[in-house]
Amino acid sequence: MGTTSGQTRSELGLTDANRVALAHVRAHAQRERPRHMARIRRVLAGAGVEADVEALLGAARGAGALTLHFHPDRLVADGRSVAEALYEEGVYRSQFETGISSGGLTAYPGGNRDVWERALFADAYQAPGVRACERPRYGGLNLMNYLNGACPGFGSCHLRLRRAATDRTTLIFGDSNSKPTDIGLSDAFAAVMAPLLESIAAGHGALGRSGVDLRAFVEGLLRGDPARRRGVFAPAMERHTLNDYIEAQVHGVVKFGVDVDALVIEPAFAGTTTGELLLATAKCYDFEAEWHPGSALALSEVPQEAPDAPEAELMRWQLFCAGGRAHRLAERVVEHHGTAPHLDAATIGQAAASVVRNPERWQEWGTPPEALQHLKDLWRMLVAHGEPPR
């Protein structure tokens, strides 16, 4: 079936709310483009880097795949695991639909995520009659070719999307919870490139990869192979940082048989019911299944104190280490759910399922939402400090 006049294939299936949101971002990005282009030229000149800005933005359009992260063994509201829901439904749902989150659980009317989306998308998703399934799906743009995806802090496994999905995706450098005002799209990327280059020039590394200065990043992006769409730098490596990424908001339904290029699985699920279900999902919907190197963290390596830094500079999971709390929870998780003396994604996932099914066993860690939050902190610690298992 052909597309209607003026309508691209990527726009098929979008609702009015999706179109309003995308049109608002595009108009805003176009209005702000001169300001962002000036920022880009200023930061390049300040670093003594000569580059064609239009070519740089064009290279960014072809580089990096979108990755949508998830924990496959977490339980959704009806008691199924995420892996079961993905297999049975063949779509990737938003937090507004599932009621679970690997970040903050604020996807409800008046919650923080609702407030952010209202500001970013001009009330498009607050209009009368808009359904939860119309809300955007959150992920990241994997410019740096990380094997475990752009934002592993939000899930041990991820879907790598096909190019067409990028055409209906809005992009932010950083996280929407910081209430950013710079937002763009793949073909209106100056709003993302400007703050990204400024961050690199300030010495913060490039999207979680240290030791990459502005010149190296620009040269890497310009020499990238757009046909591969697998990131700026090679060889690929695992990501261990939890912030400094390009957040992506995919508008419209993400259908497995249409939008997914590959399912990338954490090896802790190899040989498990969850792992077999993920492999069956890839086969059922006819896309590739891949394994990234994974992460494991020996109990002896779990920090027993928070880093020696001002509290305001620490992440929540780092604060959780104070007084040995994270170490005690890690011991509890491994003792009851582990098969080896280390933390991994599957072990933490079994503990999370136990919190939902048997909350009385976790009372010392607070209410079920509080206990689940502590387990999210353990996962972030695992991403930050873990290494591929031997």
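Out of the residues in the stretch 36-52 that are of a type outside the set (Gly, Ala, Ser) and in contact (Cβ under 8 Å) with a residue 60 or more places away in the chain, state the one that is surrounded by the fewest Cβ atoms within 10 Å (Cβ to Cβ). Top of the filtered list is Met37.
Elements of the type helices (runs of 4 or more DSSP H) sitting completely within the stretch 1-113 and holding at least 2 residues that are modelled with pLDDT of 95 or more: these cover 16-46, 53-62, 82-89.
A single entry from Arg215, Arg160 fulfils the requirement of being assigned to a helix (DSSP H, G or I) and among the charged types (D, E, K, R): Arg215.
Of all residues in the stretch 118-135, those being under 17 Å from Val253 (Cα atoms) and in contact with a Lys or Arg (Cβ under 9 Å, 6 or more places away or on another chain) number 5. Scanning the stretch 341-354 for residues that are out of contact with any strand residue (DSSP E or B) (no Cβ under 8 Å at 6 or more places or on another chain) and either of a type in the set (Ser, Thr, Tyr) or modelled with pLDDT under 95 (or both) yields a count of 2.
Of all the numbered requirements in (1) under 22 Å from Leu329 (Cβ atoms); (2) modelled with pLDDT under 95; (3) charged (D, E, K, R); (4) within 19 Å of the chain's Cα centre (by Cα), Asp308 misses one, and that requirement is (4). When you look at Gln304, is it among the polar types (S, T, N, Q), over 27 Å from Leu75 (Cβ atoms) and touching a residue at least 12 places away in the same chain (Cβ under 8 Å), yes or no? It is true that Gln304 is among the polar types (S, T, N, Q), over 27 Å from Leu75 (Cβ atoms) and touching a residue at least 12 places away in the same chain (Cβ under 8 Å). Just one of the listed residues (Ala282, Ala248, Ala234) is closer than 30 Å to Leu343 by Cα, of a type outside the set (S, T, N, Q), part of a loop (DSSP other than H, G, I, E, B) and out of contact with any helix residue (DSSP H, G or I) (no Cβ under 6 Å at 6 or more places or on another chain), namely Ala234. One residue stands out among those in the stretch 232-275 that are polar (S, T, N, Q) and touching a residue at least 60 places away in the same chain (Cβ under 8 Å): the one that is nearest to Thr170 (Cα to Cα), which is Gln249. Residue-level check: of (1) of a type in the set (A, V, I, L, M); (2) under 16 Å from Ala65 (Cα atoms); (3) in contact with a helix residue (DSSP H, G or I) (Cβ under 7 Å, 6 or more places away or on another chain), Ala206 misses just (2). Take the conditions (1) crowded, with 17+ Cβ neighbours inside 10 Å; (2) more than 30 Å from Arg74 (Cα to Cα); (3) touching a residue at least 24 places away in the same chain (Cβ under 8 Å); Ile200 misses just one of them, which is (3). If you go through the stretch 153-172 and keep only what is touching an Asp or Glu at 6+ places or on another chain (Cβ under 8 Å) and more than 14 Å from Val254 (Cβ to Cβ), you end up with Ser156, Cys157, Leu171, Ile172. Scanning the stretch 67-83 for residues that are touching an Asp or Glu at 6+ places or on another chain (Cβ under 9 Å), hydrophobic (A, V, I, L, M, F, W, C) and surrounded by 23 or more Cβ atoms within 10 Å (Cβ to Cβ) yields Val82, Ala83. Here the condition is being farther than 16 Å from His385 by Cβ and out of contact with any strand residue (DSSP E or B) (no Cβ under 7 Å at 6 or more places or on another chain); of Gly271, Gly324, it holds for Gly271 alone.
The values are calculated or read from the model by the stated rules, or taken from the named source; none is laboratory data. Everything numeric here is computed off the predicted structure, so don't read it as measured data. Backbone-built Cβ (ideal geometry, glycine too); neighbour counts: all protein chains shown.
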